[in-house]
Amino acid sequence: MSAKKWLMMLAGAVALALAVCAGANVLTDPFGVFGDPVFHWYSYNETNNPRMAKLAWLEEHHGEYDSYIIGSSSAASLETAALEKYVDGRFYNLFVYGSDTRDYRDLAAYVLEHYEVRRLVVNLGINEANVYGSRPERINDRMHALASGENPALFYLRCAFANPRYALDKALAWGKDTELPQTFDVFDVSSGCYDKRVRNVEKVGDPAAYAAANPGAFYMEPDEDALPCIAECVRSVAEIRDMCEEKGAELLVICSPVSEAQWNLYDEETLRAYRTALAQEVDYWDFGCTPLTYDTRYFYDATHFRTTAGDMVLAEIFDDPAVYRPERFGAYVTKENCQAWLDEIFSDPPRLEESAYTADVPILMYHHFTDAPAQDTEVSPETFAAHMETLAREGYHAVSFQEMIDYVYYGAPLPDRPVCITMDDGYLSSYEIACPILRQYGMKATVFAIGSSVGHTERYKDTEFPITPHFSWEQAREMAGVIDFQSHTFDLHQWAPYETGDRVRASILPLDGENEADWAAAVRADLAEYDRLRRQELGEGFCALAYPGGYYDEAAEVLVHQAGIPVTVSIRTDSRNVLVRGVPQSLYALCRWNVTERTTAEELLQILEP
């Protein structure tokens with residue numbers, strides 16, 4: 001073969017390889033810049049690079065929005081739906097990875113120039129004063145040419161001829177996609193926020209258990225440079241202010257909640273310099289150092305505050321009394337009051353005693369009451385009465401799940417020495433035996449009843465199998481005020497020996513080999529049917545659910561809370577139930593202690609002591 005022919009073949013092979021690479025990148029479009037013609041999977045694209053994919057999305061959908069949030073990934077905790085409760089606007093969260101305010105300015109400039117913008121929210125942490133003007137080479141971190149000013153032809157060529165591994169990774173991830181977010185698709189496309197359905201069902205409450213579940217998440221390496229880009233950060237914010245004024249857009253600047261781990265990286269002089277310089281240019285809401293700073297349970301990690309903290313921020317800004325937040329939670333800062341505000345937070349940091357916003361609430365679990373207990377789910381009337389007498393004598397106060405919800409969501413007080421008493425399954429003995437004893441000792445309880453068994457006194461559902469009698473809806477109404485009626489699911493607690501089919505749902509978890517979508521549909525249908533029945537019979541839906549058999553996972557937690565049920569309980573005993581005001585996750589997967597016929601009064605009190 002001649003050298004000329006060989007070179008032509010080599011050139012042809014290279015051209016073919018480049019064409020294949022470009023074709024794969026354009027068709028799979030891992031950054032969403034070519035319209036994602038095959039997958040239409042912008043959650044994946046935005047996870048790969050929100051700077052590119054979000055602007056590409058907005059080019060097609062900006063008519064659906066008229067207001068924007070700009071900031072680093074911590075701004076994801078300012079949810080668009082929460083903002084839209086307070087102001088007339090259709091928000092899109094344009095947050096990006098990293099905290100370079102040059103990117104914020106470039107994004108603001110583009111949307112203000114090319115889209116209708118009524119309102120712009122700029123969220124600032126502390127890291128914004130750490131870096132400015134970085135233009136990384138890694139394609140995952142680069143800005144879209146629409147905002148960066150890069151030559152469009154070079155930009156699209158760069159994306160087309162990117163490492164083909166990006167295209168392959170997207171194709172492989174497509175085959176692994178599930179209903180819930182995974183590491184490769186963490187965005188809610190229509191809002192631009194993170195899809196935090198899984199992250200937000202994390203069990204939070206007992207501080208020791210939370211720390212153990214998140215080792216190292218709240219440690220930060222000391223920073224040798226003391227916020228070297230304060231001037232550049234503030235200049236970018238001032239430029240955004242000027243652009244908003246020119247376009248007639250309303251600007252809201254928020255300094256977001258900061259964890260103690262991050263706040264303590266910098267000395268007072270440096271933090272004062274940052275806040276003072278900012279106040280010279282714009283008025284802003286400052287939530288940097290608040291009571292939340294000193295409790296990691298209000299944060300996902302050292303640099304990201306929880307969505308519930310974001311809800312508090314917006315409630316404070318828009319003066320919403322329905323949302324709990326602690327005293328001394330932020331301030332509206334101007335150049336006139338800036339020094340007084342800084343003097344206050346540095347001379348008297350807004351730290352709270354933990355007892356001011358947390359409560360230990362142990363939960364007891366009973367099942368059936370009978371004169372002849374034969375197993376650990378059965379307790380005699382005499383023993384139950386002795387237990388209730390002990391609780392009353394020792395100054396314990398029985399609380400309902402609604403009272404616990406009111407404490408967490410609204411800051412309503414709980415009585416001293418609270419205890420929650422529960423009974424599973426919905427046996428008639430709760431009505432005939434437990435209710436009179438509870439009334440006698442001034443106690444109250446919650447029954448988690450199986451919906452398909454309500455009112456069945458002789459037979460298991462529609463079979464000939466005998467059943468331990470269960471109380472009726474009418475009897476549930478009679479117990480109101482003493483025994484509350486909550487969910488043990490409608491029919492996800494089936495008893496295999498009595499079922500006629502071969503697909504027995506003994507718990508809320510999927511059956512072996514069950515398709516995820518089919519399982520989720522079955523759970524949603526069960527929860528919806530039971531909720532409908534309760535509203536029909538008792539006038540309102542459920543506020544708490546006990547997992548059948550105590551079995552659950554993250555996906556089950558997501559489905560239950562999506563159904564509007566704020567409290568879930570398990571049968572775990574591996575941590576304390578510490579309710580935290582303003583943290584709904586402290587009501588998730590609560591632990592319960594099983595009480596048996598053998599449980600003495602002394603043992604009962606040992607269970608209750610934190």
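Below, the figures for the structure above:
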read-out	value
For the chain: accessible area per residue (Å², 1.4 Å)	42
Once the Cα gyration tensor of region 502-610 is diagonalised, semi-axes √(5λ) in Å	28, 18, 15
Cβ crowding within 10 Å averaged over residues, with 413-426, 70-83 ranked highest first	70-83, 413-426
Helix-derived mean residue ellipticity, 222 nm - over the chain, DSSP H n ≥ 4, -39500 (n - 2.57), to 500	-11000 deg cm²/dmol
Loop GluC sites (Glu not before Pro), region 525-559 (other Cβ atoms within 10 Å of the site Cβ: 13 or fewer; DSSP)	GLU540
Radius, Kirkwood style, for the chain when every pair of distinct Cα atoms is counted (Å)	27.4
Farthest toward positive dipole pole in the chain [+1 Lys/Arg, -1 Asp/Glu at C-beta], among GLY248, SER570, ALA53	ALA53
All-pairs Cα distance distribution in region 270-390, expressed in whole percent, bin size 5 Å	2, 9, 14, 14, 14, 9, 4, 4, 6, 6, 5, 4, 4, 3, 1, 0
Trypsin sites (Lys or Arg not before Pro), loop per DSSP, at most 12 other Cβ atoms within 10 Å - longest free stretch of the chain	177-502
Gain on full stretching of the segment that runs from ARG459 to ASP319 - 0.36 nm per residue minus C-alpha separation	44.9 nm
Pairwise Lys count, the chain - Cα closer than 30 Å, eight or more residues apart or different chains	15
Cα-based Kirkwood hydrodynamic radius, region 454-550, one decimal, Å	14.8
Probe 1.4 Å - accessible area at HIS493, Å² to nearest ten	60
GLU113 paired with VAL38, simple spin-label distance in nm, labels 7 Å along Cα-to-beta-carbon	3.4
Kyte-Doolittle at least 0.5, axis length at least 27 Å by Cα - qualifying DSSP helices, the chain	3-28
Principal axis box of region 173-238, alpha-carbon based, largest edge first, Å	45, 36, 21
Percentage relative contact order, the chain, counting C-alpha pairs under 8 Å, at least six apart	13
For region 381-428, convex hull volume per residue from C-alpha positions, Å³	76
Counting DSSP beta bridges with both ends in the chain, the antiparallel % (nearest 5)	20
Computed magnitude of the charge dipole of region 470-553 (debye, nearest 20; Cβ of K, R +1, Cβ of D, E -1)	220
Net length gained if the chain between ARG524 and ALA340 were fully extended (0.36 nm per residue, minus Cα distance)	61.0 nm
Efficiency of FRET from Cβ geometry, GLU603 and ALA226, R₀ 45 Å, rounded to 0.05	0.20
Loop GluC sites (Glu not before Pro), region 80-126 (other Cβ atoms within 10 Å of the site Cβ: 16 or fewer; DSSP)	GLU116
Surface accessible to a 1.4 Å probe, GLU394 within the full protein complex, Å²	70
Dipole axis of the chain (+1 Lys, Arg; -1 Asp, Glu on Cβ), positive-most option in ALA160, VAL33, TRP473	ALA160
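The values are calculated or read from the model by the stated rules, or taken from the named source; none is laboratory data. This structure is a prediction, so every number in the text was calculated from the model and none was measured. Neighbour counts are summed over all protein chains in view; Cβ atoms, including those assigned to glycine, are modelled from backbone coordinates with ideal geometry. The protein model used for the area step is the full one, side chains on, heavy atoms only, and it has no ligands, DNA or RNA in it. Shrake-Rupley method; radii C 1.70, N 1.55, O 1.52, S 1.80 Å.
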